[in-house]
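Working notes, beginning with the structure itself.
The values are calculated or read from the model by the stated rules, or taken from the named source; none is laboratory data. The structure presented is a predicted model; accordingly, all values stated were derived computationally and were not measured. Cβ sites come from the backbone with ideal geometry, for glycine too, and all protein chains shown count toward neighbours.
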Amino acid sequence: MKVVSLLFTFLLFILISGCAQRIKVPINRLILPESIGGGADLEFKQSGFSEGLLQFTNNDTDNPLLMASTNNQTLYMGFSLGPGADVFLQIPEESSSLVGIKIQLVGAHSKESSAGHKLAITLGMGSERDTFEGDFKIDLKSDVQDYSLIHGYRFNPFFMVYEGISISHYSFEGTIENGSALNSDKIEYAARNILGAHLGIAAGGPSFKFKFEFGVQKIKWTNTEEKQFIYTGYALSASF
């Protein structure tokens, strides 16, 4: 029944969020360095994203993106592959979904909740196609590669401090369906070697956790000046 409930929640989130695609990159991570240790995790996040808005000044499609930060919801689902490895699916609102693996290199998994140092790496990727409408209707394709190194220290079964660094690559290619007034019907932007750092706390036992995190991001899109963003996020997670 727990598995059925988990899948139902997952499908409900997809129906509510739709497949809206925007040029957004997550600032916060909210991923602990502990593997699940058996079973599955379900997590809802409210976290920061950097957002690049398309500009069509002088009818051009290669203008600098108008950069800002915003917050969005994300659904995270993790499934244990063994004592030290998980596979996960991350579905953010209005951004690119990510499928990845987390491998714990140091320390015991989450179900043991033992004190001490924890260390893990994550590797993820995603590729999506979608259509969204603003000034113009755009068919958009996105590709993502994401890597992170996460360290944490658990003081007791109910409290952990963690920090980490990340590097990501995002690219977007689009075709404008009703852009006859523009100089081109193509859009192409990429942000390589996006650097991120985060620091957070996690409170709770093996079955339920609350996380609060402070994240920093340095990002540079095609034809756009480099920007830095700072944001806080939080998450509620349950293990089954």
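Per-structure values
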{"quantity": "Selection count where residues are in a strand (DSSP E or B) and surrounded by 21 or more Cβ atoms within 10 Å (Cβ to Cβ), scope the stretch 217-240", "calculated": "6"}
{"quantity": "Evaluation of Ile101 against (1) aliphatic (A, V, I, L, M); (2) outside any loop (DSSP other than H, G, I, E, B); (3) under 22 Å from Phe208 (Cβ atoms) (one fails), failing number", "calculated": "(3)"}
{"quantity": "Breaking point among (1) modelled with pLDDT under 95; (2) within 13 Å of the chain's Cα centre (by Cα); (3) within 19 Å of Gly200 (Cα to Cα), for Ser114", "calculated": "(2)"}
{"quantity": "Qualifying positions in the stretch 78-96 - more than 15 Å from Gly126 (Cα to Cα) and among the hydrophobic types (A, V, I, L, M, F, W, C)", "calculated": "Phe79, Leu81, Ala85"}
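Conditions tested, residue by residue: (1) buried (at least 17 other Cβ atoms within 10 Å of the Cβ); (2) in a loop (DSSP other than H, G, I, E, B).
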position	(1), (2)
Ser95	yes, yes
Ser114	no, yes
Gly126	yes, no
Asp135	no, yes
Asp139	no, no
Gly152	yes, no
Phe155	no, no
Met160	yes, no
Ser168	yes, no
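Conditions tested, residue by residue: (1) over 21 Å from the mean Cα position of the chain (by Cα); (2) of a type in the set (Phe, Trp, Tyr); (3) under 16 Å from Leu65 (Cβ atoms).
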| position | (1), (2), (3) |
| --- | --- |
| Ser166 | no, no, no |
| Ser207 | yes, no, no |
| Glu213 | no, no, no |
| Gln217 | no, no, yes |
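Rundown of residues vs (1) under 14 Å from the mean Cα position of the chain (by Cα); (2) among the polar types (S, T, N, Q), yes/no style:
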| position | (1), (2) |
| --- | --- |
| Leu75 | yes, no |
| Phe88 | yes, no |
| Ser95 | yes, yes |
| Val99 | yes, no |
| Lys102 | yes, no |
| Ala108 | no, no |
| Asp135 | no, no |
| Asp146 | yes, no |
